[in-house]
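Student: Take a look at this one; I'll ask things after.
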Amino acid sequence: MLETIERYSQEVHSAQFTTKEEVEAFRIQYLGNKGILKDLYAAFKNVGIEEKKNVGLALNEFKKQIEEKISSLNFQDNRSSKAILDDFTKPSSSESSGSLHPISIITYEIIDIFERIGFSVSEGPEVEDDWHNFSALNFPEDHPARDMQDTFFLSLGQSNYSLRTHTSSVQVRVMEEHSPPIRTISPGRVYRNEAISARAHCFFHQLEGLYIDKDVTFADLKQTLDYFAKSLFGKEVKLRLRPSYFPFTEPSAEVDVSCTLCAQKGCSVCKYTGWLEIMGCGMVDPNVLSSCGIDPNTYTGFAFGMGIERITQLKYRVNDLRLYSENDVRFLQQFKS
Ligand code: PHE
């Protein structure tokens, strides 16, 4: 029996292959269900007791030899891959890469603009308590100002929770945790109970900014917004501030930029006014500073907040808000860079 194993072993040693199919046939011949090794193990049962040890060792060695031969051959059969390389007329396989969502592209662009002048990015929870979304921001209890932002209220245990209606809640958290100087922007998703249409949605994205230090004035706010608008829309863009009202800022203003689409000649996007509203802003109300543990006699600050969908619409001329959340690849693929 030892001689038989030795003879097969020689055969295995000198076997040569050029294709994967030949290797597979070899594997079946030796290791298959009706293969040579199976026969040898069957014959092994009848080997006399004194020979059993040596034959057993030889058989195990032989099995190892076959397995090693096969695994070493796996990578040597490069005939088929070579054939592919040689065929230059063969069409290449197409690869499709993903792309950033337009909201993400614009968010990153705005973050980049503010980071250049020292603003850091802060984030907070989307399920917010009444204090951070309203009370600390000077919304009086049962005051109609709370209706300004159609809120999704949640009933979770004893406390009042809601889906945050603006990212100003993040700024309250930053003010509570850090002492001035504070210079931060907070991008994120916000929710409002509105019927879904081309012009409104029940969730959208905001990016709000906050700057608190000694001697911060309205002039600093205007300078910062001017720098921002010019960086985003181009040097020729003009800025206009109109008086407005927010519970958390005093004075408050609405910010318009000159229409970038028609150069103020009048078009349907600016409704023939020449101006586009892009955000709200103002000086942080002293009540808000005290609520967050900051002394309003020492510090002042400004805040601003914009809808990212609105900015994205102006940059990419998308006129239906619903497109941003439908995830239609035909829409999204247009934003590949
Ligand atoms: N939080 C306001 C909103 O959601 C935007 C805003 C932020 C206005 C900061 C003024 C100052 O409408």
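Student: Order Trp131, Trp275 by their accessible area, 1.4 angstrom probe, all chains in place, largest first.
Tutor: On the way: Trp131 100, Trp275 55 Å².
From most exposed to least exposed: Trp131, Trp275.
Student: Amide H neighbours of Gln264 under 5 Å, at least 5 residues apart or on other chains, H built in the peptide plane: list them.
Tutor: Amide H neighbours of Gln264: Cys259.
Student: Also, quick follow-up: Principal axis extents for segment 130-284, Cα atoms only, whole Å, descending order, please.
Tutor: 55, 43, 24
Student: At a 4.7 angstrom Cβ threshold, list every cysteine in the chain that has nobody to pair with, or say none.
Tutor: Cys202, Cys281, Cys292
Student: Please report the net charge: other residues with Cβ closer than 13 Å to the Cβ of Met279, K and R +1, D and E -1.
Tutor: Details: positive: Lys222, Arg240, Arg242, Arg310; negative: Glu208, Asp226, Glu254, Asp256, Glu277, Glu309.
Neighbour charge sum, excluding Met279 itself: -2.
Student: Then there's this: Remind me, relative contact order of the chain in percent, using alpha carbon pairs under 8 angstrom and six or more residues apart?
Tutor: 16 percent
Student: Where does each of Ser179, Ser168 land when they are ordered by accessible area, with a 1.4 Å probe and the largest first?
Tutor: Numbers: Ser179 90, Ser168 5 Å².
The ranking, largest first, comes out as Ser179, Ser168.
Student: Sticking with this structure for a sec: Just name one of Gly56, Ser71, Pro251: the one whose Cα is farthest towards the positive end of the charge dipole of the chain (beta-carbon charges, Lys/Arg +1, Asp/Glu -1).
Tutor: Projecting each Cα onto the dipole axis, the largest value belongs to Ser71.
Student: Another question, if that's okay. Taking the Cα centre of the chain as the origin, how large is its charge dipole in debye, to the nearest 20, when only Lys and Arg (+1) and Asp and Glu (-1) carry charge on their Cβ atoms? Mind dumping the intermediate values first?
Tutor: Details: 37 positive and 47 negative charges, 237 e Å.
That gives the chain a dipole magnitude of about 1140 debye.
Student: Note down the net charge around Thr165, summing +1 for each Lys or Arg and -1 for each Asp or Glu among other residues with Cβ under 10 Å from its Cβ. Present the calculation step by step, with values, prior to reporting the outcome.
Tutor: Details: positive: Arg146, Arg164, Arg192; negative: Glu128, Asp150.
Counting the neighbours of Thr165, the net charge comes to +1.
Student: Relative contact order of segment 1-69, please, whole-number percent, based on alpha carbon pairs below 8 angstrom and at least 6 residues apart.
Tutor: Values: 27 pairs, mean separation 29.2, N = 69.
RCO, segment 1-69: 42 percent.
Student: For segment 1-141, which whole percent of the accessible surface, found with a 1.4 angstrom probe, sits on carbon and sulfur atoms? Intermediate results must be reported in sequence, preceding the final value.
Tutor: On the way: 4980 of 9510 Å².
Its accessible area is 52 percent carbon and sulfur atoms.
Student: With springs connecting C-alpha atoms under 10 Å apart, model the chain as a Gaussian network and identify which of Leu156, Leu221, Leu31 has the largest mean-square fluctuation.
Tutor: Taking springs between Cα atoms under 10 Å, the residue moving most is Leu31.
Student: Per residue, how big is the convex hull of segment 2-85 when only Cα atoms are used? Give it in Å³. Working shown, then result.
Tutor: Working: hull volume 6.2 nm³, N = 84.
Output value, Cα hull per residue: 74 Å³.
Student: Let me have the 222 nm mean residue ellipticity of the chain computed from DSSP H runs of 4+ only, each contributing -39500 (n - 2.57), with the sum over all residues rounded to the nearest 500. Mind dumping the intermediate values first?
Tutor: On the way: 13 runs with 134 residues, N = 337.
Result for the chain, helices only: -12000 deg cm²/dmol.
Student: Could you sort Lys63, Lys69, Lys265 by their accessible area in this structure, using a 1.4 Å probe and putting the largest first?
Tutor: Lys265, Lys63, Lys69
Student: Taking only the alpha carbons of the chain, what extent do you get along each of the three principal axes, in Å, biggest first?
Tutor: Extents along the principal axes, in whole Å: 104, 55, 39.
Student: Specify the inter-centroid distance of segment 89-140 and segment 197-269, based on alpha-carbon positions, in whole Å.
Tutor: Segment 89-140 and segment 197-269 have Cα centres separated by 18 Å.
Student: Taking 1 over the mean of 1/r across every pair of different Cα atoms in segment 177-228, what Kirkwood radius in Å do you get?
Tutor: On the way: mean 1/r = 0.0736 Å⁻¹.
About 13.6 Å, per the Kirkwood formula over Cα pairs.
Student: Where the only charges are on Cβ atoms (+1 Lys, Arg; -1 Asp, Glu), what is the dipole of segment 128-267 about its Cα centre, to the nearest 20 debye? Provide the component values of the computation, followed by the final result.
Tutor: Values: 15 positive and 19 negative charges, 164 e Å.
Here the size comes out at about 780 debye.
Student: Can you tell me the convex hull volume per residue for segment 235-337, based on C-alpha atoms, in Å³ to the nearest whole number? Present the calculation step by step, with values, prior to reporting the outcome.
Tutor: Working: hull volume 17.1 nm³, N = 103.
Spread over its residues, the Cα hull of segment 235-337 gives 166 Å³ apiece.
Student: Are any of the pairs Lys20/Lys63; Lys235/Lys315; Lys214/Lys238; Lys38/Lys69; Lys222/Lys265 more than 22 Å apart by Cα-Cα distance, and if so, which?
Tutor: Lys214/Lys238; Lys222/Lys265
The values are calculated or read from the model by the stated rules, or taken from the named source; none is laboratory data. Just so you know, these numbers come straight off a predicted model, no measurement behind them. With ideal geometry, Cβ positions are generated from the backbone for all residues, glycine too; neighbour counts draw on all protein chains shown. Side chains included, ligands, DNA and RNA excluded: accessible areas come from the protein's heavy atoms. Shrake-Rupley method; radii C 1.70, N 1.55, O 1.52, S 1.80 Å.
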